Structure formats: structure tokens, C-alpha cells
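Reading through the C-alpha cells given below for one structure.
The values are calculated or read from the model by the stated rules, or taken from the named source; none is laboratory data. Computed from a predicted model, the values in this text were never measured in an experiment. Note that we place each Cβ from the backbone using ideal geometry, even for glycine, and neighbour counts take in every protein chain shown. Each accessible area value is taken on the protein alone, full model and side chains, heavy atoms only, with ligands, DNA and RNA left out. Shrake-Rupley method; radii C 1.70, N 1.55, O 1.52, S 1.80 Å.
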Amino acid sequence: MSDNVCPDCQSELSWKDDGYYCDFCQHTVKKHVFCPDCEHEMEKLQACGSASYFCNFCNELKSKSRITIRFESV
Ligand SMILES: [Zn+2]
Ligand SMILES: [Zn+2]
């Protein structure tokens, strides 16, 4: 099962242009990634096909398995 679900209707999100999109609510959904240690929003770094996350507050890379993901409809 996918982790990418709409915060409003819980349907699976589709990828459109450069963001997530809910076909049912017909709105764009923004993905936010938070640091597991300080809860600040993190930056996604794309390197050679694999994504990693960098926390500007802790000033270090965080493991993908520990991050907190939240979806927000915009
Ligand atoms: Zn929806
Ligand atoms: Zn942090």
C-alpha cells in the first residue's frame, strides 16, 4: 500500500507535473518532510536516483526510514 494519500479523503495521490495531486478532491497536495530529532522541515536532496534528507537545523543528513512525512492540501 502506498504512503502517499490525500489528507482530506485518504485516496491514493497521483503525481502531476512537479507535485502530488488528488484526483478526487482535485487539488494539489504538498509533501512536507520533518526531522525526527528537531521537527524542523527538511530539504530533499536528490543524488543519483536516491533521495536523502538534510536538516538545516541539525546540520546533518537524516535516514529516510526515520523521517516524518505529512501531506497538506493547498
Ligand atoms: Zn482527496
Ligand atoms: Zn533536525
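What the table shows:
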{"read-out": "Some residue of segment 57-64 being touching an Asp or Glu at 6+ places or on another chain (Cβ under 7 Å) and either at pLDDT 95 or above or open to solvent by less than 70 Å² (accessible area, probe 1.4 Å) (or both)", "value": "yes"}
{"read-out": "Considering residues of segment 9-30 that are assigned to a strand (DSSP E or B) and either within 23 Å of Cys55 (Cβ to Cβ) or of a type in the set (Phe, Trp, Tyr) (or both) only, the residue nearest to ligand 2 (Cβ to nearest atom)", "value": "Lys30"}
{"read-out": "Considering residues of segment 31-41 that are touching a Phe, Trp or Tyr at 6+ places or on another chain (Cβ under 7 Å) and either more than 16 Å from ligand 2 (Cβ to nearest atom) or farther than 19 Å from Val74 by Cα (or both) only, the residue least open to solvent (accessible area, probe 1.4 Å)", "value": "Cys35"}
{"read-out": "Asp3, sole failed condition from (1) in a strand (DSSP E or B); (2) more than 16 Å from ligand 2 (Cβ to nearest atom); (3) loosely packed, with under 12 Cβ neighbours inside 10 Å", "value": "(1)"}
{"read-out": "Residues satisfying the stated conditions in segment 42-56, i.e. open to solvent by less than 90 Å² (accessible area, probe 1.4 Å) and assigned to a loop (DSSP other than H, G, I, E, B)", "value": "Met42, Gly49"}
{"read-out": "Failed item, numbered, when Lys16 is tested on (1) open to solvent by 80 Å² or more (accessible area, probe 1.4 Å); (2) more than 16 Å from ligand 1 (Cβ to nearest atom); (3) among the basic types (Lys, Arg)", "value": "(2)"}
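Residues checked against (1) of a type in the set (A, V, I, L, M, F, W, C); (2) closer than 15 Å to Ile69 by Cα; (3) within 16 Å of ligand 1 (Cβ to nearest atom):
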position: Asp3; (1), (2), (3): no, yes, yes
position: Phe34; (1), (2), (3): yes, yes, no
position: Glu39; (1), (2), (3): no, yes, no
position: Cys48; (1), (2), (3): yes, no, no
